[in-house]
């Protein structure tokens, strides 16, 4: 029960961080660009720094939750931050999301609930299998790089979605590496953590996730990027949890079907939210679609 409570508290902090940082990033000076340059510019904005404090508090709660529970339990619960982020965006940004956005946001959380109830995740070890963790890190890095590369193409219509996908994947990988670092610390002490690659990969993955997420906030409205971030993070962490930590979901054909249904509901809701904010849903106003000038490949992470 404690990991669940801590994960929900972390989700609340992350939602507060998301909304305040999105507000700061979307109103950054014109020449701020994206990537690292944007983050450096945002470091001078008090609102963004407040969001950073919320994010650090969420990370601290997430760390304790991961030390007490499985990745497959903790990381998916962070999806609840999506429902919290929408009403907070109304208060902070003065934006009024239409009813359809609320409905699809609720669908994301309903899909999560169906998945968790049917999956009943658990088991696993505190420390990952080294080879499996290394493979997951390489594959995760590849997904992040591909998403960042694809976000540079075309008119940028789905740029916020792709950047959110890359950023969420990086943070999901960081969550798994955080569990590994926590497990090693509890088993062998601080020196055993400092001398291993997962700690430094955690720093890199976390920094990459922050940069890509801030870039996604810069180029699109919150409901274009936040669903992708919110889904990609637990999915990436769940894959690592199953492959490297030996965590398992409920077996059986019936359970698998319901789990798949929950995932499909979440993914469909994310796609519909992206289409609504991109102006592609029926009845959407194309004049309100965010237009962003494409950047060169070097600008995305720099």
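None of the figures in this text is laboratory data; all of them are computed from the coordinates on show. This one's a predicted model, so the numbers in the text were calculated from it and none came from an experiment. Reconstructed Cβ throughout: ideal geometry from the backbone, glycine too, with neighbour counts over all protein chains shown.
For residue 207 and residue 44, calculate 0.36 nm times their separation in residues minus their Cα-Cα distance, and state this gained length in nm to one decimal.
Stretched out fully, the residue 207 to residue 44 stretch lengthens by 56.9 nm.
Order these by the 10 Å Cβ neighbour count, fewest first: 247, 126, 233. Intermediate results must be reported in sequence, preceding the final value.
Details: 247 20, 126 15, 233 29.
Final ranking by Cβ density, sparse to dense: 126, 247, 233.
Between residue 146 and residue 131, what is the label-to-label distance in nm when each label sits 7 Å out along the Cα-to-Cβ direction?
2.4 nm
Each label point is 7 Å from the Cα along the Cα-to-Cβ direction; what then is the distance between the points at residue 248 and residue 192, in nm?
Label at residue 248, label at residue 192, 2.5 nm between them.
What ranking, highest mean first, results for peptides 262-268, 44-50 when packing means the other Cβ atoms within 10 Å averaged over each residue?
262-268, 44-50
With the crude spin-label approximation of a point 7 Å out along Cα→Cβ, what separation in nm comes out for residue 138 versus residue 96?
5.4 nm
Most exposed first by the Cβ proxy, i.e. fewest other Cβ within 10 Å, how do 68, 101 rank?
On the way: 68 17, 101 21.
Exposure proxy ranking, most exposed first: 68, 101.
Expressed in nm to one decimal, what extension gain is obtained for the pair residue 2 and residue 110 from 0.36 nm per residue of sequence separation less their Cα-Cα distance?
Numbers: separation 108, 0.36 × 108 = 38.88 nm, distance 2.19 nm.
Full extension from residue 2 to residue 110 adds 36.7 nm.
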